Amino acid sequence: MLRLGEPLPVSPTLLINERVHEAQAAGRELFHFGFGESRFPAPTALTDALARAASQTEYPPVAGLGDLRAAIAAYYSVEFDADLDADQVVVAPGSKALLFGLLKAFGRDVILPTPSWVSYEPQARMCGLAVHRLPGDPGRSYEWTLDDLGRTLDDVGPGGAVLLVNSPNNPTGRMFSDDFVEQLGAFARARDLPIISDEIYGLVAAGGVDHHSVSRELPESTVVCTGLSKHLSLGGWRLGVAILPSVEGRLRQRLVGIASEIWSAAPAPIQAAAVTAYERRADVEDYIEACASLHAARTRRMWEGLTAAGIRCPEPQGAFYLMPDFEAYRPGLAGRSITTSQQLSASLLDDIGIATLPGEAFGFPPEMLAIRMASSYIDLENKDRAAALLAGWNAAGRSPDYLDGTLPRMDQAIERLGQFASSLR
Ligand SMILES: Cc1ncc(COP(=O)(O)O)c(C=O)c1O
């Protein structure tokens, strides 16, 4: 018998995805809102570039191919209005791996706003780091203030902390305002607080609020994490990007050291093909805009449907997520012995075939009745259908009217949720 430590469970988002696929394979009809994956076909410029790169069989340098890092530095110099050096860029198999490497490289307590993406806390714990929760206000779309942050920081010991933020946000779909980012930068500078800014959805903004990178306000101590997964629908390529505050110093050395001992490098053909993503080609930029606007319109349609059905939910601004809460239905739910987000999510799956994730997976107390729904999968289950929807969206001039009648499963699922809510009144 092997003697091992604490269990290390599979990440809830990957688990729900596997469960849904198993249930579907067994013939059960389910509506999959559990997993955030952009399903549109990748730009052909990129898939062609990958075909050309297939013969690159050598191990690449640990931090990544020089051409790719230079292209990324040039691209984000424009986005951040900075003069980035290629050596500030480290690429890896997914930004998830980089986030882990960065937490380990910082090696200090982690301040996590709540709700936060499912993997940050488990990663911090695997690194043996203490996590300090910074609760967002459910009455204000889960925003938190600098006073809240200051109070959380006061609990941190002499070793200091790193703040991990994420805008556009998974799970809430909210984004930081310009003012907030400016104030956050000034606050973090004054309190000597480094920031990891997960901006993986930075190019999936809905248009109402501009994505404002934290690194613009705090270039000397912000690390930005991004990658190809979301705005280019290339999650399976596993290419993540970290942009470090400087080429000097311990952070880069530690991150590259960790990378060298765990993943060695991101796959060479993927890296070679990824250069095409950062050349500001008109076709690739247009693809990014088309997908971002379609994700935004789909998410908004869901939000409108849910709020019309009496299910409260922060208004989405970016990424492809919604965080509805059922607090208003607490007595009706209690009547069915549903008092936690886990039970709520399980009931939605078992009783009406709607797959979601419980708020608990995002750091909420178990009894908070919030769930997360990803808008990115529904009606795009089949890849041909996803391609047809994107083509139709472009042909219709990217008008939200195009969605009337083209998202039957989304509409049906919202109706079911509305009936579920009414049955609780
Ligand atoms: C907020 C957030 N950060 C990071 C990631 C990881 O992305 P990847 O490892 O594909 O770069 C995800 C993926 O779902 C995410 O939602």
Selected from Thr222, Thr406, Thr276 as most flexible by GNM, with the chain as the system and alpha-carbon contacts under 10 Å: Thr406
Residue-averaged [θ]222 nm for the chain, counting only DSSP H segments that reach four residues, each worth -39500 (n - 2.57): -12500 deg cm²/dmol
Three-way shape label, the stretch 56-279, alpha-carbon gyration tensor, a/c 1.5: prolate
Antiparallel bridge percentage (DSSP; both residues within the stretch 29-185; nearest 5): 10
Under 16 Å from the Cα of Lys96 - lysines, other chains or at least 8 residues apart: Lys104, Lys230
Cα gyration tensor category, rounded, prolate or oblate, for the stretch 264-350 with a/c compared to 1.5: oblate
Order of His32, His231 - criterion: other Cβ atoms within 10 Å of each residue's Cβ, fewest first: His231, His32
Counting DSSP beta bridges with both ends in the chain, the antiparallel % (nearest 5): 45
Mean separation of Cα contacts under 8 Å, 6 or more apart, over the residue count of the chain: relative contact order %: 23
Rounded, prolate or oblate (a/c below 1.5 giving rounded, otherwise prolate when a/b exceeds b/c) for the chain by Cα gyration tensor: oblate
Taking the C-alpha atoms of the stretch 290-399, convex hull volume expressed per residue in Å³: 107
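Here, each number is a calculation from the coordinates, and none is a lab measurement. Since this is a predicted model, take the numbers as computed values, not measurements. We place every Cβ from the backbone using ideal geometry, glycine too, and count neighbours over all the protein chains shown.
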